2 protein chains.
Amino acid sequence: MKLLISNDDGILSLGVRSLANGLAAAGHEVTVVCPDRERSATGHSLTLHDPIRAEMVESHFDPTIKAWACSGTPSDCVKLALGALLDSPPDLVLSGINHGSNIGTDILYSGTVSAAMEGIIEGISAIAFSLASFSARDFQPAVRFAYDLLEQIAVQPLPEVMLLNVNIPPVPQSEIVGITLARQGVRRYTDLFQKRVDPRGKTYYWLAGELLQEVDKDANNPLPTDVRAIQQNYITITPLQYNLTCAIGLESLASWKLLNRG
Amino acid sequence: MKLLISNDDGILSLGVRSLANGLAAAGHEVTVVCPDRERSATGHSLTLHDPIRAEMVESHFDPTIKAWACSGTPSDCVKLALGALLDSPPDLVLSGINHGSNIGTDILYSGTVSAAMEGIIEGISAIAFSLASFSARDFQPAVRFAYDLLEQIAVQPLPEVMLLNVNIPPVPQSEIVGITLARQGVRRYTDLFQKRVDPRGKTYYWLAGELLQEVDKDANNPLPTDVRAIQQNYITITPLQYNLTCAIGLESLASWKLLNRG
């Protein structure tokens, strides 16, 4: 398959190198377009007020891979690749492998998920891969799963344009319990900011935050949340969409007087 | 009501000044926490790797308003306000009035919508206001609608924690056709990048893009899209959610062999 790979950890990260080299070795045609530096928690940002640059790099990828370092955000990278750098559209946009999970409400801030989202906005199916640990260095179980997933898609194609958010537990292959579909959970944080004083007596803040236990408002749902399933060492697959319309909200507002004045 | 107001155009924008001063004049207790410079198209970004600063400013707001200029993104502003600057939670988080519409898939990149999204993630209802023109300078019809909407919520509270994405057409009050619920539409662009060469012979790109006509895949839906309704000079209200799980995707993947290996 023809694959476009991006990420938010930057072109030098071990995660993207592992994914790109692993899939190129399996015979896929890989182009990498990544930010030239770390761009975590950039969410779905676009660069509107500055020019964007992209330079081909050769250093640490398999020689069959075309790789570009881009001055923009993850979304910029995918937009630029699809709009200007690639000669023809890829079969899939892949993002990652991210260093750290992308689960629950945290995915709203995720550059990794946003890069994949850019794919489906442009009509190309996409997969975001995240290894659920900031410190884990063994990307091989995640690469192996990416390989399996692409094999699966080759024989049983995705039924429509789709974004799959995939998280892999940071454990050896033998400890992975299974693969499960999951719904997006919620993660809440407390004590979000640390307040400090600089050497000149001025206040500043660091975003920190302690993770609280998940509160699942839909606990009777037989499908686990991504937050819960990854804790149980499942590989999670969560299909995501870009339509944020809240159907329940539409229903509950329909009787609003403001809307029915004439 | 106790209101927290933020935006993505920055503390100096006419839109936020109009909204804050208009609602303070109507008797609401207003705190403004905005980026210290323009932060459009920042999406749902957080500042993780730099300290965040916030300074009280007095210049151009009503004297009853507490206003802070923050070094961070729109999401940072709301997080910092709720976590560190405000003594007690507000009744509502408001964002805007944005200079330019926030409709269709463009809302994925919107700092205005992200600031409001931060409110509902923290359990506080939120409203994003956008005037659907980059060049319009008359925010009074939008301010008047914000005033009416808050009156409505005071007598008929929102049924649950909810984010309302509101767009106001850039026309005089007399030309506004009505107020309608709307679903998120799709906007597609073509010719996304302009390729140029700098004085030193190196290539760079500008994100540009021509807007294409909307293609509504769900054209039989009696509810209009935000894209269409705003063109017809309706004020649009679209409830949005932070759960991106694609229910149809879950159904269509359930039979996947990869998931049913045992």
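Derivation of every value follows stated rules applied to the coordinates shown; laboratory data play no part. From a predicted model like this one, the values you see are computed outputs, not experimental measurements. Heads up, the Cβs are rebuilt from the backbone with ideal geometry, glycines too, and the neighbour counts pull from every protein chain shown.
A few notes on this one:
- Inter-chain neighbour count for B:103-110: the average number of beta-carbon atoms from partner chains within 10 Å of each residue's beta-carbon is 5.
- Among beta bridges that DSSP assigns inside the protein assembly as shown, antiparallel share in %, nearest 5: 40 percent
- Intensity falloff of the stretch B:1-129 expressed as log10 I(q)/I(0), Debye formula with alpha-carbon point scatterers, at q = 0.12, 0.20 Å⁻¹: -0.36, -1.07
- Fluctuation leader among A:Gly96, A:Gly201, A:Gly185 - chain A, Gaussian network, Cα springs under 10 angstrom: A:Gly201
- Position B:Gln194: other-copy label points at 4.5 nm, ordered by increasing distance, label point 7 Å along Cα→C-beta.
- Amide H contacts of B:Leu163: B:Ala126, B:Leu240, each under 5 Å away and 5 or more positions distant or on a separate chain (H built 1.01 Å from N in the peptide plane; Pro and chain starts excluded).
- Using a 7 Å projection from Cα along Cα-to-Cβ, the label point at B:Ala247 is separated from the same position in the remaining copies by 0.3 nm, smallest value first.
- A simple packing score, the average count of other Cβ atoms within 10 Å per residue, orders the peptides A:161-167, A:51-57 as A:161-167, A:51-57, with the highest score first.
- Per-residue average of Cβ from other chains inside 10 Å of A:247-259: 6
- Electrostatic tally near A:Ile121: other residues with Cβ closer than 11 Å to its Cβ, Lys and Arg +1, Asp and Glu -1, net 0.
- Dividing the summed -39500 (n - 2.57) terms of all DSSP H runs of n ≥ 4 by the residue count of chain A sets its mean residue ellipticity at 222 nm at -6500 deg cm²/dmol.
- Evaluated at q = 0.06, 0.08, 0.10 Å⁻¹, the base-10 log of the normalised Debye intensity for the protein assembly as shown, with identical point scatterers placed on the Cα atoms, takes the values -0.28, -0.50, -0.79.
- Beta bridges assigned by DSSP with both partners in chain A are antiparallel in approximately 35 percent of cases.
- Beta bridges by DSSP in the stretch A:1-105, antiparallel share as percent, to the nearest 5: 25 percent
- For the pair the stretch A:145-175 / the stretch B:28-101, the C-alpha centres are spaced 40 Å from each other.
- Between the amide H of A:Tyr189 and those of A:Leu212, distances stay under 5 Å, these residues lying 5 or more places away or on another chain, with hydrogens modeled in the peptide plane.
- Overall shape of chain A was characterised from the C-alpha gyration tensor. The equivalent ellipsoid obtained from it has semi-axes of 30, 24, 22 Å, in decreasing order.
- Under 5 Å, built H, 5+ apart or other chain: amide partners of B:Leu48: none
- Among the residues of A:197-210, the average count of other protein chain beta-carbon atoms within 10 Å of the residue beta-carbon is 4.
- Here is how far apart the A:Gln156 label points are across copies: 4.8 nm, shortest first, using a point 7 Å from Cα toward Cβ.
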